[in-house]
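Asks: One structure, as structure tokens, below. Some questions next.
The values are calculated or read from the model by the stated rules, or taken from the named source; none is laboratory data. In this text, all values refer to a predicted model and were calculated from it rather than measured experimentally. No Cβ is skipped: glycine too gets one built from the backbone with ideal geometry, and neighbour counts run over all protein chains shown. In case anyone asks, the SASA skips ligands and DNA or RNA and just uses the protein heavy atoms, side chains included. Shrake-Rupley method; radii C 1.70, N 1.55, O 1.52, S 1.80 Å.
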Amino acid sequence: MSLTETIPALDLTSIRAQFPALAQTVNGHPAAFLDGPGGTQVPQSVIDAISGYLRESNANTAGAYATSRRTDAMIAAARAAMADFFHCAADEVIFGPNMTALTFAMSRAIGRELQQDDEILVTLLDHDANVSPWLAMAEEKGVTVRWAEIHDRDCTLDMTDLASKINTKTKLVAVGYASNAVGTINPVKEIVRLAHTVGALVYIDAVHYAPHGLIDVAALDCDFLVCSTYKFFGPHMGVLFGKREHLQRLRPYKVRANTNAIPNCWEWGTLNHELIAGITACVGYIADLGRRTLSEKGLPHPSAFFAEGEHSGNQPQSCSRRATIESAYCVIHEHERALLERAMAGLQKIPGLKIYGITDPARFDERCGTIALRIVSGKPGHTPLQLATKLGERGIFTWDGNYYALNLTEHLDVEKSGGFLRIGLVHYNTMEEVDRLVTALEEIVRA
Ligand SMILES: Cc1ncc(COP(=O)(O)O)c(C=O)c1O
């Protein structure tokens with residue numbers, strides 16, 4: 001069955017009703033949350049799961065009493081949920097405070113295996129959290145850092161350059177799945193293939209991709225992939241997938257009392273239990289979105305959309321939850337695509353406005369709905385911060401600056417003049433919000 005022929009529309013009214021924060025107003029205007037790349041809002045089910053844990057199960061792990069046992073079971077359930085989300089086994093899922101902390105920890109452990117004259121490859125497009133940890137490790141170990149360049153015209157990775165910098169000395173490639181600044185989606189599967197031809201590990205930062213696209217670590221065959229649940233409708237936590245063979249082989253920095261068994265040997269100290277409870281609910285929200293959308297339309301079970309063998313590799317914990325997550329991302333993708341087309345068309349008509357990244361709708365599969373822009377001509381007084389402030393007064397939440405994609409803003413020479421204004425579209429945003437943004441920006445620029 002062709003997926004595109006049958007994808008139903010999102011029921012935005014029922015979706016938005018699940019997110020209490022979306023009902024806020026600012027100066028009499030409904031709040032338009034176009035700040036998803038900085039962190040998304042959460043559905044009531046996530047709020048309930050967090051407070052429910054604190055009410056009923058609050059304890060440390062591995063104790064011989066009821067609340068501690070409930071805590072152990074709750075963490076196991078969250079691991080299983082994230083295993084379905086990533087499409088891996090549960091013992092390949094590591095929880096941590098955020099993506100940055102997990103990456104610093106993993107970079108140190110990987111660094112133990114590297115030697116002087118080894119090489120690692122990072123990119124100009126990445127968030128600094130997938131750059132600085134590797135630079136720090138490289139400095140300590142005497143490892144050479146190579147940088148993959150970008151095409152300035154559309155802010156995509158220069159794949160020829162990237163491929164030319166992978167050689168027999170390359171031990172690790174650190175790359176983002178999608179840019180949190182300009183929205184480019186990188187060809188990570190191809191990058192994994194290139195890296196594996198020389199035996200290099202691939203560490204994928206999927207923080208920005210996770211709210212927009214389905215993650216399938218089995219299909220990607222990546223070695224590590226990390227994301228942050230607060231970017232996809234969950235709590236402020238980081239989650240890492242690591243291939244079992246690497247998690248077992250590498251030596252974490254850890255306390256002696258923590259055993260060497262994976263995944264726990266990679267988790268330091270007491271975790272943020274209440275937020276882990278929220279992660280199960282967050283994955284549940286996405287799965288429910290897929291389940292409800294399809295069943296409301298009387299469509300068959302989601303697995304009917306995928307060819308046999310398409311999801312070979314590690315077995316997920318629960319095929320049906322995985323299948324509903326896949327369905328959810330189909331409808332999310334369609335809705336975000338429509339929002340992106342509307343936003344691009346409207347923004348491009350504003351005089352003096354320049355968009356950084358892919359603007360050709362024929363290439364929108366190579367990007368998500370995260371738009372970086374600047375006012376490059378016309379009246380002064382339109383720095384990214386000034387624009388974000390004026391939009392904020394009208395209840396439209398956007399971001400300004402570099403969002404830690406520092407190498408990119410420096411490379412494009414916008415860092416010293418305030419970076420970009422960033423519009424971030426996620427599935428709970430509406431066409432009306434996009435129209436409001438375009439009208440407001442137009443008025444601000446003309447004033
Ligand atoms: C693409 C990307 N990578 C990494 C990070 C860092 O994530 P965390 O805040 O979980 O450390 C962010 C945060 O904005 C991001 O957008």
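Asks: Quick one: which residue in Pro37, Pro30, Pro20 is open to solvent by less than 40 Å² (accessible area, probe 1.4 Å) and closer than 30 Å to Val438 by Cα? So that I can check it myself, show each step before the final result.
Replies: Values: Pro30 fails: open to solvent by less than 40 Å² (accessible area, probe 1.4 Å); Pro20 fails: open to solvent by less than 40 Å² (accessible area, probe 1.4 Å).
Unique residue meeting the criteria: Pro37.
Asks: Right, another one. Could you tell me which residue of the range 210-222 is nearest to the ligand (Cβ to nearest atom), considering only residues that are open to solvent by 10 Å² or more (accessible area, probe 1.4 Å) and outside any helix (DSSP H, G or I)?
Replies: So in the range 210-222, the residues open to solvent by 10 Å² or more (accessible area, probe 1.4 Å) come out as 212, 214, 216, 218-221.
Next, only the ones that are outside any helix (DSSP H, G or I) stay: 212, 214, 216, 221.
Working: His212: 12, Leu214: 17, Asp216: 19, Asp221: 21 Å.
The selected residue is His212.
Asks: With respect to Arg342, is the statement that it is over 19 Å from the mean Cα position of the chain (by Cα), farther than 17 Å from Asp154 by Cα, modelled with pLDDT of 95 or more and open to solvent by 10 Å² or more (accessible area, probe 1.4 Å) true?
Replies: Values: over 19 Å from the mean Cα position of the chain (by Cα): yes; farther than 17 Å from Asp154 by Cα: yes; modelled with pLDDT of 95 or more: yes; open to solvent by 10 Å² or more (accessible area, probe 1.4 Å): yes.
Judged against the criteria, Arg342 is a match.
Asks: Just give me the residues in the range 404-430 being in contact (Cβ under 8 Å) with a residue 60 or more places away in the chain, in contact with a Leu (Cβ under 7 Å, 6 or more places away or on another chain) and open to solvent by 10 Å² or more (accessible area, probe 1.4 Å), in sequence order.
Replies: Result: Asn407, His411, Thr430.
Asks: Moving on. State whether one or more residues within the range 165-180 are surrounded by fewer than 21 Cβ atoms within 10 Å (Cβ to Cβ) and within 18 Å of Glu410 (Cβ to Cβ).
Replies: Within the range 165-180, not a single residue is surrounded by fewer than 21 Cβ atoms within 10 Å (Cβ to Cβ) and within 18 Å of Glu410 (Cβ to Cβ).
Condition check ((1) within 16 Å of the ligand (Cβ to nearest atom); (2) of a type in the set (A, V, I, L, M)) across all residues:
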residue	(1), (2)
Gln18	no, no
Leu22	no, yes
Asn27	no, no
Gly36	yes, no
Gly39	yes, no
Val42	yes, yes
Ala81	no, yes
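Asks: Ok, one more. How many residues does the range 75-99 contain that are within 19 Å of Gly290 (Cα to Cα) and not in a helix (DSSP H, G or I)?
Replies: Here the count works out to 1.
Asks: Hey, which of the helices (runs of 4 or more DSSP H) in the range 108-209, taking only ones fully inside, have at least 2 residues that are within 16 Å of the ligand (Cβ to nearest atom)?
Replies: It comes to 132-141, 188-197.
Asks: Only residues that are closer than 20 Å to Val207 by Cα and open to solvent by 10 Å² or more (accessible area, probe 1.4 Å): list them for the range 123-149, please. Give the derivation first.
Replies: At the first step, the residues of the range 123-149 found to be closer than 20 Å to Val207 by Cα are 123-135, 148.
Matches in the range 123-149: Leu124, His127, Asp128, Ser132, Leu135.
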